1. Would you say ALA184 is surrounded by 20 or more Cβ atoms within 10 Å (Cβ to Cβ), at pLDDT below 95 and more than 22 Å from ARG102 (Cβ to Cβ)?
2. As an exercise: evaluate THR276 against (1) of a type in the set (Val, Ile, Thr); (2) exposed (fewer than 15 other Cβ atoms within 10 Å of the Cβ); (3) modelled with pLDDT of 95 or more; (4) not in a strand (DSSP E or B) and give the number of the one condition it does not meet.
3. Which condition does HIS71 not pass, out of (1) closer than 21 Å to VAL225 by Cα; (2) loosely packed, with under 14 Cβ neighbours inside 10 Å; (3) not hydrophobic (A, V, I, L, M, F, W, C), if it passes all the others?
4. Taking ARG197 as the residue in question, decide whether it is surrounded by fewer than 22 Cβ atoms within 10 Å (Cβ to Cβ) and closer than 30 Å to LEU314 by Cα.
5. Might you let me know whether region 46-53 holds any residue that is in a loop (DSSP other than H, G, I, E, B) and either at pLDDT 95 or above or among the polar types (S, T, N, Q) (or both)?
6. Quick check, is GLU135 of a type in the set (Asp, Glu) and out of contact with any Cys (no Cβ under 9 Å at 6 or more places or on another chain)?
7. Kindly check whether there is at least one residue in region 113-123 that is under 22 Å from MET11 (Cα atoms) and either in contact with a strand residue (DSSP E or B) (Cβ under 8 Å, 6 or more places away or on another chain) or of a type in the set (Phe, Trp, Tyr) (or both).
8. Can you pull out every residue in region 279-295 that is in a loop (DSSP other than H, G, I, E, B), among the hydrophobic types (A, V, I, L, M, F, W, C) and buried (at least 17 other Cβ atoms within 10 Å of the Cβ)?
Amino acid sequence: MKIYLAGHRGMVGGAILRRLEDRKESGEEFELVTRTHAELDLTDQSAVRAFLMAERPDAVILAAAKVGGIHANNTYPADFIYENLMMEANVVHQAFEAGVRRLLFLGSSCIYPKEAPQPMVEHALMTGVLEPTNEPYAIAKIAGIKLCESYNRQHGTDYRSVMPTNLYGPGDNFHSENSHVLPALMRRFHEAVQEGRDEVVIWGTGTPRREFLHVDDMAAASLFVLDLPRKQYEANTQPMLSHINVGCGEDISILELAQLVAHVTGFDGRITTDPTKPDGTMRKLMDVNRLNQLGWFPTIGLEQGVEETYRWFLENVETARH
């Protein structure tokens with residue numbers, strides 16, 4: 001058994017890598033293949049073809065993607081749609097050409113319409129207009145799902161897709177300007193403690209609600225779906241609606257999240273909201289009934305996960321700054 005993991009240096013790919021390495025240490029026998037971007041450019045069709053023809057893996061996990069926040073998506077929309085489309089098309093097609101039996105594609109919750117009813121069920125896909133700020137990225141991720149489904153229909157492959165909610169954890173981006181909300185809050189509260197400030201201001205009213213899943217839970221769910229017997233997977237999905245949401249099924253307000261991060265980082269000052277700043281979408285919650293019915297549930301609670309992430313931040317990000 002040989003598994004090719006694409007994107008092993010990213011946050012999600014890194015978590016999947018850790019879990020696969022744990023499996024090997026516990027006695028499971030398989031060969032794990034990875035390549036860095038410098039070693040293999042997934043947007044290069046001939047390079048991907050040569051690599052997959054040479055390696056001929058039994059399974060492929062496509063966790064590689066060009067990702068970024070709102071600012072990056074708005075600034076480089078052509079890069080986001082082109083690079084993600086090329087990676088998906090090259091890997092899926094060349095995997096088929098190389099005889100890969102099973103493939104798992106990792107998408108994003110941004111595939112759903114901006115005004116999708118909450119919680120967002122799988123069949124909400126393509127029922128409305130996408131969020132304009134990340135539409136090119138979302139279009140590429142929808143195309144990835146449809147690539148997998150189309151190859152399954154025409155060629156009888158077993159290519160699957162999972163769509164995660166907001167992820168956090170080790171390997172996250174803690175940049176002060178272009179990180180996502182949880183790592184951004186963590187850095188802001190940490191620096192407030194370091195500088196002895198007695199107030200932290202958060203954008204918006206604090207009332208929007210978001211769902212968060214630890215990246216190690218996402219890795220576990222991804223491998224769970226990859227490992228499902230084909231009959232079980234197909235019995236719980238539809239040929240052209242085959243993707244599976246991955247989340248915890250619960251959300252939290254941004255203000256409550258800020259209070260949790262303040263507690264974990266040791267900040268005991270005031271938390272002030274700034275209603276002049278945008279709130280964004282008021283709620284984004286995944287319906288995870290399909291995954292739960294298959295037998296998978298998350299194991300890392302939000303407070304535990306935030307505490308573990310803060311320890312990782314202190315050991316890796318903060319230490320690197322000094």
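The values are calculated or read from the model by the stated rules, or taken from the named source; none is laboratory data. Because the structure is a prediction, the values reported are computed rather than measured. Positions of Cβ are backbone-derived with ideal geometry, glycine not excepted, and every protein chain shown enters the neighbour counts.
1. Numbers: surrounded by 20 or more Cβ atoms within 10 Å (Cβ to Cβ): yes; at pLDDT below 95: yes; more than 22 Å from ARG102 (Cβ to Cβ): yes.
For ALA184, the condition - surrounded by 20 or more Cβ atoms within 10 Å (Cβ to Cβ), at pLDDT below 95 and more than 22 Å from ARG102 (Cβ to Cβ) - is met.
2. Checking THR276 against (1) of a type in the set (Val, Ile, Thr); (2) exposed (fewer than 15 other Cβ atoms within 10 Å of the Cβ); (3) modelled with pLDDT of 95 or more; (4) not in a strand (DSSP E or B), the one that fails is (3).
3. The single condition HIS71 does not satisfy is (1).
4. Working: surrounded by fewer than 22 Cβ atoms within 10 Å (Cβ to Cβ): yes; closer than 30 Å to LEU314 by Cα: yes.
Taking the combined requirement at face value, the residue satisfies it.
5. Taking region 46-53 first, the residues in a loop (DSSP other than H, G, I, E, B) are none.
Checked against the condition, which is being in a loop (DSSP other than H, G, I, E, B) and either at pLDDT 95 or above or among the polar types (S, T, N, Q) (or both), region 46-53 yields no hits at all.
6. On the way: of a type in the set (Asp, Glu): yes; out of contact with any Cys (no Cβ under 9 Å at 6 or more places or on another chain): no.
Taking the combined requirement at face value, the residue does not satisfy it.
7. Step one: list which residues in region 113-123 are under 22 Å from MET11 (Cα atoms), which gives none.
No, the conditions are met nowhere in region 113-123.
8. So the first thing to find is which residues in region 279-295 are in a loop (DSSP other than H, G, I, E, B), and the list is 279-282, 285, 287-288, 295.
If we keep only those that are among the hydrophobic types (A, V, I, L, M, F, W, C) too, we end up with 282, 285, 288.
LEU285, VAL288, listed by residue number.
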